[in-house]
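Participant: The following block contains the structure, expressed as structure tokens.
The values are calculated or read from the model by the stated rules, or taken from the named source; none is laboratory data. Quick caveat: nothing in here was measured; it's all calculated off a predicted structure. Virtual Cβ from ideal backbone geometry, glycine too; neighbours counted across all protein chains shown.
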Amino acid sequence: MCRLKKIAILLGLISATLLLSAQGAIEFVQNKGQWNSQVKYRGRVSNGYFFIREKGFTIVQQHPDDVRKMEKVKHGDTSAFYIRSHAWSVDFATSKNRSVVSTPVVTGESPLPTYENYFLGNDPSRWAAACSLYQVITVKDVYPFIDLRYYSDAGTLKYDLIVRPGGDPSDIVLRYDGVDGLSIKNRELFVATSIATFRESSPYTYQPSKEGRKEVNCRYQLKDDQLRFDVGAYDPNTTLVIDPSFVFCSFSGSTADNWGFTATYGPDGSMYAGGIVFNEGGSFPVSLGAIQSSFRGGTMDIGLIRLSADGARRIWATYLGGAGDEQPHSLVVDAQQNLYVTGRTNSPNGTNGYPVIGNGTLAGDGYDIVVSKINANGTVLMGSRKIGGSGADAVNIATARALSSLQRNYGDDGRGEIILDAQGNVLVTSHTQSSATGTGRFPTTSAAFQTTFGGGAQDAVLLKLSSDLNNLLFASFLGGTGNDAGYVLAVHPANGNIYVAGGTESANLIPASQTGTVVGPTLGGTIDGYVAIISPDGTQRIRTSFIGTTAIDQVFGIQFDINGFPYVMGQTTGNWPVSPTVSAPFNNPSGKQFIAKLQPDLSAFVYSAAFGSGASVPNISPIAFLVDRCENVYMSGWGGTGFGSGFTSAGTAGLNSLITPDAFKSSTDGKDFIFVVMRKNATGLLFGSYFGEDNSQNGGNDHVDGGTSRFDSRGTIYQAICGNCMVGAAPRPNFPVTAGSWSTSNNSSGAGCSLTMVKIAMNLAGVQSAIRSSINNVSGDTLGCVPLTVAFSDSIGNAQSYIWNFGDGSPDDTTTTPNNSHQYTAVGTYTVRLIAVDPTTCNGRDTSYMRIRVGNIEAALGFNPVKLPPCTAFNYRFDNLSTTLPGYPFRANSFVWNFGDGSPTVVAGPGPVNHAFAGPGTYNVRLYLQDTTYCNAPDSLVLPVSVAENVKAGFTTSARGCIPYQPVFNNTSLAAQTYLWNFGDGNTSTVASPSYTYNTAGTYTVTLIANNSNTCNLSDTTRFVIQVLDAPLANFSYAPTVVQPNTPHTFTNQASADAVRFKWVFGDGDSLLTTSRAPVVHQYRSSGTFSACLTAYNSLDCPRTSCRSVQANVIPAVDIPNAFTPLSGDINSVLKVKGFGISKLKLEIWNRWGQKVFESVDQEQGWNGTYQGVVQPMDVYMYTLSIEFFDGNKIIKKGDITLIR
């Protein structure tokens, strides 16, 4: 589907909306009376709501900082703060120049199988039950033959305007109301509010056809508060779709300097990113229960973070490192959303080292390759290995960043990649300088395709590990007599062969025994790129080819299309062969970036294209690469100099031929990122845009410090950036942040860089199927116990229809929504198939598969913490009490322990595990079942363990209250496991924070006993005295008690002596608050019986109310004096209307020249003889008095008033 450019940019120390995004798919709730009648549906979005009306929508947004404060309030924070909000409306208005008549019909589509109930307040008319939820809302005929469609894509709110044949796009007028300003810059719409400035990218407009989707030129037109679409030439007989997208950008808010290296995606669209974090007076925003909550040593640790799909929420973040220095080079995520990371460390082996699990003898000295696996919640290190020899491993040429050998770009020292094969095994390519023999040699496996070091300073390496990282399946060198580096990997989709690519100086990289034709049989220059094909078991090198010219070339990307053809992407300093002839802008032989499609056996180019400005050196350092199902080619990279030593880059200046009209940023400072999408067979450009800040004010540039970023199969880029650095003189460059994301300020110390995460959805990859499962609300789970109900979804959801096959013999099920569920009633492994269908796309349909395992072997989790002597220490034994069926014993790695104190997780069997806590506190100890032998894996059990030398009882509450008194007991006890409360009236409780009501006045001693059998003192007691008061007596009398016409009533206060303030309510809408006991005089304005009430309050504001019926007889009457003396200071100094039974009045007074000098609608507000602060002259003034009495009668009086001075 050709909806282009949904961007979520998230900078993090780690790093939603219009920040209109949500944590998942946006659900539109039906209005059945719980909201204003104009609202048809409401969607909850990050930091606010989106209200759909018949001919428009209303947006409410709160400031994200205040939303976070509200979350803290839920957890006990009592700090006062203001909630800053802004609401604005967008109406689909009618042009003044046209008479457009339509009757919109609003309907919900793609209903969800659940509903919501709303019981708001005490008014039953505001209650609504069984409110339906929908994923799509369509407004039919918002204009004649023009429909409007609201939906969400990857958690982001979108809307399409669909112009059917007969419709006129010039009818569309969007009127904005309530915004602080509107502007258009670089074809984008900026909406200014008091919260932030929101941005809509330029509208992507297209017409569907059998050949795909034809883009139509479209841009915004803005006049005052009205927005229109200026649509270029299009076929009026074909449907036209105008598809705006929303743009988001965020910083991490980290206070530690951190540099961006690598990023990847999760199956739910969440974003994972990694960088390095320095120990410079700040900290990385780690999450609760993180596997490593603090910096461990050296100059830098790895920082990892996962954000929600819309970038508005941090799911988890953690440090990862030891006492030395670490870097992350590549990330990948499996179907269960577990993260795999590879990089390097020089932390020592042992206690202060990089955390490893069952590493054996794989670790070397100095820098080693690391491979780690972290669970989806960031709380468990599921596996971790450290692999190397005596030389530098995972270091490309040198740790110093300077132009040398294969290190041609800043950050090349940190290249390498980790991917997963179809079976979930882990593949890693990197480099090694461990050429020694014996124990210092890199640990290759015996059957590997190359077991000896090839020569030069370094070889590339290829590793394959099991999915749990417990087994090294193979490890091999890949190199010749020169320097060789492994940068990127791909797996052939049909035969599973592994394609490794990188750079080489080795003329003998191709074995002499190789036969057959390859595109590059010999080394063309001093450095060439290469591609090597390795068998899945790592025992054979099937074929190798150089990729290059007679100059310097390297391959930085390799991907497959759906037909099994490999594509490569990289840099050259030579004349790249362009074949066959391709259309501009890619037919540029002098360009220094290349993309090529190869035959699967590397025997020939299918096509080869170069692009760039024509400079003598490359423009960009390539980062991410993709070939989608429609054979479109995507790439990202950054250009510009400013870092490292000796590196040359022509920068992004001169690449404007790659920028399309719908670019996010159409001009460049020469030091930006660039994102490019090339049409199938290099026949043209689908999209191109710069991205980045304006660095003209100092020497910085947008860049990465090494590592991979990725496009997902839909063409969405997940790009890591080292962004917004403080380089050179202040001020810091402005970065295009928007409200609602994870953070909107860069507070990093030192160089002040921030791991920046950019997410851009290109939406050019056609229809896609991506089946996903959820079991018991655990997304991505594929294992459960019979009978098993599985919720399935297409995580893409961009098809017109979906064909489901559940693999158990049941018939295919076709739906128009991307959700389904199925119950399995028999044990087995089932292959589930989903076909997503959209005939208007370039591929028409797409298929995905997954396997569901249904078992009947379940484990019941349990454990018990036991304090070990001496009682003054914090040593515990955790006894695993888990059980399962006979004949299926737990294994040595069935469980993972997380002790909740930031220490490394422990993989263990069913036996006890000892752990020493560093200090007192309450720790949430969690036992995970990771053994998939059991159908309830991955299950977990968490118990809070209070660790202290002594237990200490403590609580706070108010000292006094009024009956019925419900004191709030805030339990502040330390290290308690059980509690016993005595409320001083014979009643008790054992809950931690009880709720209790005193119904009798008195003085009570509340006692709390806190117990913990694992402490030295075993128990502790504290007491607190509270006083419970009764409310004062409220009583009064009034006179006259016999009704007298037009006579005021005098109320006499007879409340008890302990009352300190009073509220009089006279029953006619008037009331009085006072601390005086003096009699109160009140004149009723109408006849009737009124309920007069006195509420008396004591010093604690305990209230009691007494009411009496009071009768009044009011005979309507009115008069006004004919003269007054404004300077006399007596009763005649103010002219007032006198009368009884007056409900409304209007008094107007004019001087002799017809100038109005006074007006009042209040009987108690009279004229003091002044006008604009000046006493008026003695004279005769005219008045008009309009009166309406309580019985509905009206009179008008006119006359003269003499002002006497």
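Participant: Which condition does SER1091 not pass, out of (1) of a type in the set (Gly, Ala, Ser); (2) within 59 Å of the chain's Cα centre (by Cα); (3) farther than 23 Å from ASP1191 by Cα, if it passes all the others?
Facilitator: So SER1091 meets the others, but not (3).
Participant: Where in the range 260-375 are the strands (runs of 3 or more DSSP E), entirely inside, with at least 2 residues that are farther than 20 Å from ASP468 by Cα?
Facilitator: Per the criteria, 271-278, 300-307, 314-320, 326-333.
Participant: Also: I'd like the full set of residues that are among the small types (Gly, Ala, Ser), over 16 Å from ARG175 (Cβ atoms) and over 20 Å from the mean Cα position of the chain (by Cα), limited to the range 33-58.
Facilitator: Here is the first cut: in the range 33-58, the residues among the small types (Gly, Ala, Ser) are 33, 37, 43, 46, 48, 56.
Then keep just the ones that are over 16 Å from ARG175 (Cβ atoms); that gives 33, 37, 43, 46, 48.
Residues satisfying the conditions are GLY33, SER37.
Participant: In contact with a Pro (Cβ under 9 Å, 6 or more places away or on another chain), loosely packed, with under 15 Cβ neighbours inside 10 Å, hydroxyl-bearing (Ser, Thr, Tyr) and under 30 Å from TYR965 (Cβ atoms): does that describe SER1076? Give the derivation first.
Facilitator: Working: in contact with a Pro (Cβ under 9 Å, 6 or more places away or on another chain): no; loosely packed, with under 15 Cβ neighbours inside 10 Å: yes; hydroxyl-bearing (Ser, Thr, Tyr): yes; under 30 Å from TYR965 (Cβ atoms): yes.
No, not satisfied.
Condition check ((1) of a type in the set (Phe, Trp, Tyr); (2) at pLDDT below 85; (3) not assigned by TED's automatic domain parsing to the domain that holds GLY797) across all residues:
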position	(1), (2), (3)
THR197	no, yes, yes
TYR204	yes, yes, yes
GLN207	no, yes, yes
ASP225	no, no, yes
PHE229	yes, no, yes
VAL247	no, yes, yes
ALA263	no, no, yes
MET271	no, no, yes
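Participant: What tally of residues in the range 842-867 results from selecting those that are among the hydroxyl-bearing types (Ser, Thr, Tyr) and within 26 Å of GLU27 (Cβ to Cβ)? Please lay out each step first, then the result.
Facilitator: First pass over the range 842-867, keeping only residues among the hydroxyl-bearing types (Ser, Thr, Tyr): 847-849.
Of the ones still in play, those that are also within 26 Å of GLU27 (Cβ to Cβ) are 848.
Final tally of qualifying residues: 1.
Residue-by-condition table, conditions (1) buried (at least 21 other Cβ atoms within 10 Å of the Cβ); (2) at pLDDT below 95; (3) on the phi < 0 side of the Ramachandran plot; (4) among the hydrophobic types (A, V, I, L, M, F, W, C):
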{"site": "ASN924", "(1), (2), (3), (4)": "no, yes, yes, no"}
{"site": "THR933", "(1), (2), (3), (4)": "no, yes, yes, no"}
{"site": "VAL942", "(1), (2), (3), (4)": "no, yes, yes, yes"}
{"site": "ASN950", "(1), (2), (3), (4)": "no, yes, yes, no"}
{"site": "ALA959", "(1), (2), (3), (4)": "no, yes, yes, yes"}
{"site": "ILE963", "(1), (2), (3), (4)": "no, yes, yes, yes"}
{"site": "PRO967", "(1), (2), (3), (4)": "yes, yes, yes, no"}
{"site": "ASN971", "(1), (2), (3), (4)": "no, yes, yes, no"}
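Participant: Do any strands (runs of 3 or more DSSP E) lying entirely in the range 10-62 carry at least 1 residues that are modelled with pLDDT of 90 or more and on the phi > 0 side of the Ramachandran plot, and which ones are they?
Facilitator: Details: elements: 28-30, 39-45, 48-53, 56-62.
Output list reads 56-62.
Participant: Another question, if that's okay. Inspect all residues belonging to the range 1139-1156 and state whether any of them is surrounded by 12 or more Cβ atoms within 10 Å (Cβ to Cβ), of a type in the set (D, E, K, R), within 19 Å of LEU1127 (Cα to Cα) and out of contact with any helix residue (DSSP H, G or I) (no Cβ under 6 Å at 6 or more places or on another chain).
Facilitator: no
Participant: How about the range 589-678: which strands (runs of 3 or more DSSP E) wholly inside it have at least 2 residues that are closer than 16 Å to ILE760 by Cα and assigned by TED's automatic domain parsing to the domain that holds ARG401? Can you show your working first?
Facilitator: Values: elements: 593-598, 605-611, 621-627, 633-638, 673-678.
It comes to 621-627, 633-638, 673-678.
Participant: Filtering the range 1172-1205 down to residues that are within 60 Å of the chain's Cα centre (by Cα) and surrounded by 14 or more Cβ atoms within 10 Å (Cβ to Cβ), which residue is nearest to ASP1119 (Cα to Cα)?
Facilitator: GLU1188
Participant: Let me ask something else about it. Which residue is modelled with the lowest pLDDT, if the candidates are limited to the range 301-315 and must be hydrophobic (A, V, I, L, M, F, W, C) and buried (at least 22 other Cβ atoms within 10 Å of the Cβ)?
Facilitator: Among those that are hydrophobic (A, V, I, L, M, F, W, C) and buried (at least 22 other Cβ atoms within 10 Å of the Cβ), it is ALA312.
Participant: Tally time: how many residues in the range 539-573 are among the hydrophobic types (A, V, I, L, M, F, W, C), touching a Gly at 6+ places or on another chain (Cβ under 8 Å) and not in a loop (DSSP other than H, G, I, E, B)?
Facilitator: Residues flagged as among the hydrophobic types (A, V, I, L, M, F, W, C), touching a Gly at 6+ places or on another chain (Cβ under 8 Å) and not in a loop (DSSP other than H, G, I, E, B) within the range 539-573 amount to 7.
Participant: I need the full set of residues from the range 777-791 which are more than 23 Å from the chain's Cα centre (by Cα) and either surrounded by fewer than 21 Cβ atoms within 10 Å (Cβ to Cβ) or part of a loop (DSSP other than H, G, I, E, B) (or both), in order please.
Facilitator: THR782, CYS785, VAL786, PRO787, THR789, ALA791
Participant: Would it be correct to say that GLY416 is closer than 27 Å to ALA290 by Cβ and under 30 Å from the mean Cα position of the chain (by Cα)?
Facilitator: yes
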